[in-house]
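S.K.: First, the structure itself, so that you have it in front of you.
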């Protein structure tokens, strides 16, 4: 019996073993490509890098790598970027195994590699490293974009997962507008931020924070050292602000499947897919022109300038005690204020307090200010409790708070 539509993917996933020397050679000649995206943040310190290399030198098992081969014959790394980067850095003598006293290496084996660069290893260990078999899982080449995005998400459910924002930026950062969204999440002066800004500068894409030094200082301090700041979460906050402002055109696009054919994406109702569509449309507009569905170019910079101004007001005068874990609610709050054309001068102390309650506990604020409460979207865009209605209700809540707490 044949079940129509199942399985979703008809081509086979294949697995094979390739040694480190072969994979390193392909990385060097760019046949294997590590995308310049979400995990540009240096996720691993020298301890993790050292223990991973030690595993290879001792023939211990390491997790499989997921690759996807494109039509241009280049192979994109789906999962395993940090491990491959570490292997390449060690092979190129850019890192040595840590010699810190607190490193717990295998004994007595570690005497042969502790503190050493690759070139300083005994020849026998060099051979072990080069010959080590990596398990490579190749995803089917025929996958459409929507299915590949879903596979990315599922692969990365465990460990230090790639978020939906991480994944979509992997695909759409070719877009200048999406790159600007990405740059909006820069905070601090680490290697990742430096590399991201240099890459954008090479493409003549300006740093949107450049005109806002005080806002950027407060923004960086807010995110500094927070677990939530890993990956592209700060840029997702800016995206949520844009989505709140563009909720009507986005909802119209998602509610009319025929209008999305040009994007080669499926929409099954999830919020993550809605955000994918937003970024896909930005890329489409960048490459093909036509009517701008969402802000891009100078219009996007204008939206950012307003955002940066409110960030300064929020963190210096208003909601300085709100945790970065509440970044989405703060983004919706700023979007509602900007969309309603409200000015900071209109906000009384009581209104600021009410906004703080909304940021920290939207459910409690919803009970107090909204008839029917605040929707809990649970990952869905559509429906009475979907993300679209959450954006709508956030705007109504802001209006109600300002109406009830006017500034004297």
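The values are calculated or read from the model by the stated rules, or taken from the named source; none is laboratory data. These figures come from a predicted structure and were not determined experimentally. All Cβ positions, glycine included, derive from the backbone under ideal geometry; neighbour counts span all protein chains shown.
S.K.: Taking only region 276-307 into account, find how many residues are closer than 24 Å to residue 322 by Cβ and buried (at least 21 other Cβ atoms within 10 Å of the Cβ).
M.R.: Residues in region 276-307 being closer than 24 Å to residue 322 by Cβ and buried (at least 21 other Cβ atoms within 10 Å of the Cβ): 3 in total.
S.K.: Turning to a different aspect of this structure: Within region 197-207, identify whether any single residue is within 20 Å of residue 82 (Cβ to Cβ), part of a helix (DSSP H, G or I) and under 15 Å from the mean Cα position of the chain (by Cα), and answer yes or no.
M.R.: No.
S.K.: I need a count of the residues in region 210-258 that are part of a loop (DSSP other than H, G, I, E, B) and more than 18 Å from the chain's Cα centre (by Cα).
M.R.: Selection size over region 210-258: 3.
S.K.: If I go through region 147-162 residue by residue, how many of them are at pLDDT 70 or above and farther than 30 Å from residue 59 by Cα?
M.R.: Residues meeting the conditions: 2.
S.K.: Looking only at helices (runs of 4 or more DSSP H) that lie completely in region 298-408, which have at least 1 residues being in contact (Cβ under 8 Å) with a residue 60 or more places away in the chain, in the same structural domain as residue 269 (by TED's automatic domain parsing) and out of contact with any strand residue (DSSP E or B) (no Cβ under 9 Å at 6 or more places or on another chain)?
M.R.: Once the helices (runs of 4 or more DSSP H) in region 298-408 are filtered for at least 1 residues that are in contact (Cβ under 8 Å) with a residue 60 or more places away in the chain, in the same structural domain as residue 269 (by TED's automatic domain parsing) and out of contact with any strand residue (DSSP E or B) (no Cβ under 9 Å at 6 or more places or on another chain), what remains is 327-339, 387-404.
S.K.: Within the bounds of region 339-362, is there any residue that is under 15 Å from residue 245 (Cα atoms), in contact with a helix residue (DSSP H, G or I) (Cβ under 8 Å, 6 or more places away or on another chain) and crowded, with 17+ Cβ neighbours inside 10 Å?
M.R.: There is at least one residue in region 339-362 that is under 15 Å from residue 245 (Cα atoms), in contact with a helix residue (DSSP H, G or I) (Cβ under 8 Å, 6 or more places away or on another chain) and crowded, with 17+ Cβ neighbours inside 10 Å.
S.K.: Output the number of the condition that residue 119 fails; it satisfies all remaining conditions of (1) more than 18 Å from residue 58 (Cβ to Cβ); (2) under 35 Å from the mean Cα position of the chain (by Cα).
M.R.: (2)
S.K.: Identify the residue in region 394-408 that is surrounded by fewer than 23 Cβ atoms within 10 Å (Cβ to Cβ) and under 32 Å from the mean Cα position of the chain (by Cα) and, among all such residues, is farthest from residue 275 (Cα to Cα).
M.R.: Top of the filtered list is 399.
S.K.: So, one more: Search region 176-195 for residues being part of a loop (DSSP other than H, G, I, E, B) and buried (at least 23 other Cβ atoms within 10 Å of the Cβ), and hand back the single one that is nearest to the chain's Cα centre (by Cα).
M.R.: 185
S.K.: Working carefully through the options 234, 206, 257, find the one that is in the same structural domain as residue 325 (by TED's automatic domain parsing) and within 25 Å of residue 321 (Cβ to Cβ).
M.R.: 234
S.K.: Related question: Take the residues in region 24-67 that are more than 12 Å from residue 84 (Cβ to Cβ), assigned to a loop (DSSP other than H, G, I, E, B) and within 19 Å of the chain's Cα centre (by Cα); name whichever of them is modelled with the highest pLDDT.
M.R.: Per the criteria, the residue is 43.
S.K.: While we're looking at this one, here's another question. Considering (1) out of contact with any helix residue (DSSP H, G or I) (no Cβ under 8 Å at 6 or more places or on another chain); (2) farther than 27 Å from residue 147 by Cα, say which one residue 287 fails and leave the rest.
M.R.: All conditions are met except number (2).
S.K.: Is it fair to say residue 216 is surrounded by fewer than 22 Cβ atoms within 10 Å (Cβ to Cβ), modelled with pLDDT of 95 or more and farther than 20 Å from residue 267 by Cβ?
M.R.: yes
S.K.: Can you find, within region 84-114, the residue that is nearest to residue 69 (Cα to Cα) among those that are over 34 Å from the mean Cα position of the chain (by Cα) and modelled with pLDDT of 90 or more?
M.R.: The extreme case among them is 113.
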